[in-house]
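Asks: Structure in C-alpha cells, see below.
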Amino acid sequence: MWNVTAFICILIGASIPVGLIDASLATGLVGAAASLGLLASLTALRPGELSFLRSVAGPALAAALVPALWIILQMLPLSFWANPVWKFAGETLGAPLSGSITIDTGASLGTLLLWLSLLSVVITAAAIAIDARRADMVARSIAATTAAAAVILLLSSAPVKAWLGAARDETANGFLVVVLVGVPLSLARALDGGGHADGRTAAQLARLRGLLAAGALFCAVSACWYGRRGAAIAIAAGVALVVMTFAARKLHLHRWSSAAAAAAIALIALATAVANRHPDVALAIAFVDAPADLVQSTHNLLADLPALGSGAGTTATLAATYMDWQGATTRPVVATSAAALIAQFGSAMFWTLVAVTIVGIAAFTVGARNRGRDWSYPAAAAAVLLTLLLAVFTLPELPALPGVIVLGAVIGTGLAQRISRSRLRAG
C-alpha cells in the first residue's frame, strides 16, 4: 500500500505540469493515471479495509454517479429531447438529424472522462487514507502542490504581468481552483498540529505547523491577488468554517450551539449578499463582481437555453454570439462558473448538485466534530466544498482539469477519516 501512496502523491504533484499541456491530452493522461491508481489501491487493501471503504464511500459514490449518468443521457440520440440546434441544422442541410441534448458530443465525452477521473481519485485517496499516517502523507503532498500553484497564480496576476511587461496567461485560471483547495486544507492541518508525530520532535512539529500556516496564508494572498473579490469571499467562508470547527472542539461546545452559531453567520452573510446582488438577473450570476455587460449577456444566454441544458461545450459554442462585445481576440467567457454549469447540465441538475454539496458539507462538518485528533481531514473537505460552492457563484468559468486531482484527494481523505474505524465496528 505504501507504493500506492507514493503513486497518488506523485499524481497530486503532477497536477501542476498536467494543467500546462493541451487539455485533451491532459484529460486522457489524468484518466489513465486515475484508473491505474484505483486498480492498484483496491488490490492493495488489507483485510477489513475494503468493507470499511464501502461503508464510508459507498453512499457518496452512488450520489456522484448521477451526474455521470446524466452526461451519458445527454449524449444519446433522443430525438424527443434533442437540442433545438439539431432541428435548425437539419433544415439547413435538408436532411433530418437524430440529435441529442448536447450540442458537442466530443466535449461531453471529455467531461464524462473528467468526472470519472475525479471519482477514481476520490476512491483511491479514500483507500489510502484509511490509515492516518498515509492520510498525512497525502495531505502534505496536496499542501505542497497548492503552494506551487499559488506561485503560478501570483506570477500570472495582472499587476505582476504588467510589471514584467507580459500578457496575462489564461492557462493559469485553472490553477485558481487548486489554490482555493489549498487554503482550508493547509489551515486545518496547521491547527491540528501538523500531522502525526512518527518520531518527530516538538520543534519539528512546530516547524511543520508553521510551514502549513505560511502555505495557507500564501495561497490565500495569491488567490485573492488573482481572483479579486470573488476569490476572497470564497476563501473567507472556507477559513471561517475551519476556525469555527476548531473553536467548537476546543471550547467543547454542544453541536446544536455550533449549528446555531453557523446558521446565524450564514444568514448574516446571505443578507449582505442579497443586498449587494445584481437586480433582475438569474440567481447564478446575481452575486458576481463583473461588468454589467457581461452579467446581462450571460443572463440572456441562460434565458435562451433549454431546461435540460445543452451539454459540455455550450459556452465555447454560443458565448461568442452573445458576447461579441468582448472582442474578436478575447476568448468569450460567461460571468460565473454556475452559469456555465447550468448551460451544460440544466437548472434542475445544477440545483440538485448544489443541494447534494450542502449535504456533503454538513456531513463532513459533523464528522469533524465527532472525530479525535484526525478531525482536520473531514473539516478540510467540508471547507473545500464550501469554498468551491461559493466560488462557483462569484468567479468566472474556470478550467476544471488542474483541480480534479487535488480536489478528489481532499474529498477522498475526508471520507476515509470522517468516521473512526473503531467507532464503526463498535456501532
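Asks: Give all pairs with beta carbons closer than 7 Å in which a residue from the stretch 226-248 that is modelled with pLDDT under 90 meets a residue that is among the acidic types (D, E) and part of a helix (DSSP H, G or I); count only pairs at least 6 apart in sequence or on separate chains.
Replies: none
Asks: Does W86 count as surrounded by 12 or more Cβ atoms within 10 Å (Cβ to Cβ), at pLDDT below 75 and either in contact with a strand residue (DSSP E or B) (Cβ under 6 Å, 6 or more places away or on another chain) or of a type in the set (F, W, Y) (or both)?
Replies: It is true that W86 is surrounded by 12 or more Cβ atoms within 10 Å (Cβ to Cβ), at pLDDT below 75 and either in contact with a strand residue (DSSP E or B) (Cβ under 6 Å, 6 or more places away or on another chain) or of a type in the set (F, W, Y) (or both).
Asks: Select from the stretch 25-43 the residues that are more than 13 Å from L116 (Cβ to Cβ) and either surrounded by fewer than 13 Cβ atoms within 10 Å (Cβ to Cβ) or modelled with pLDDT under 75 (or both) and list them in ascending order.
Replies: Residues satisfying the conditions are L25, A26, L42, T43.
Asks: Looking at (1) crowded, with 20+ Cβ neighbours inside 10 Å; (2) at pLDDT below 90; (3) of a type in the set (F, W, Y), find the lone condition where W325 falls short.
Replies: (1)
Asks: Give just the number: which of (1) under 24 Å from D304 (Cβ atoms); (2) modelled with pLDDT under 75; (3) not in a helix (DSSP H, G or I) does T102 not satisfy?
Replies: Unmet for T102, out of (1) under 24 Å from D304 (Cβ atoms); (2) modelled with pLDDT under 75; (3) not in a helix (DSSP H, G or I): (2).
Asks: Would you pick out the residues in the stretch 15-24 that are of a type in the set (A, V, I, L, M) and either within 11 Å of I152 (Cβ to Cβ) or at pLDDT 70 or above (or both)?
Replies: Residues satisfying the conditions are I16, L20.
Asks: Would the stretch 48-59 turn up any residue that is in a loop (DSSP other than H, G, I, E, B), more than 22 Å from the chain's Cα centre (by Cα) and closer than 12 Å to A127 by Cα? Working first, answer last.
Replies: From the stretch 48-59, those in a loop (DSSP other than H, G, I, E, B) are 48; that's our starting set.
Going one step further and asking which of them are more than 22 Å from the chain's Cα centre (by Cα), we end up with 48.
With closer than 12 Å to A127 by Cα added as a condition, the list becomes 48.
Checking the stretch 48-59: at least one residue is in a loop (DSSP other than H, G, I, E, B), more than 22 Å from the chain's Cα centre (by Cα) and closer than 12 Å to A127 by Cα.
Asks: Here's another thing I want to ask about it. With A335, A380, A391 as the choices, which residue is buried (at least 24 other Cβ atoms within 10 Å of the Cβ), of a type in the set (G, A, S) and under 19 Å from A269 (Cα atoms)?
Replies: Going through A335, A380, A391 in turn, the sole match is A391.
The values are calculated or read from the model by the stated rules, or taken from the named source; none is laboratory data. Remember, it's a predicted structure, so these values are computed and weren't measured experimentally. No Cβ is skipped: glycine too gets one built from the backbone with ideal geometry, and neighbour counts run over all protein chains shown.
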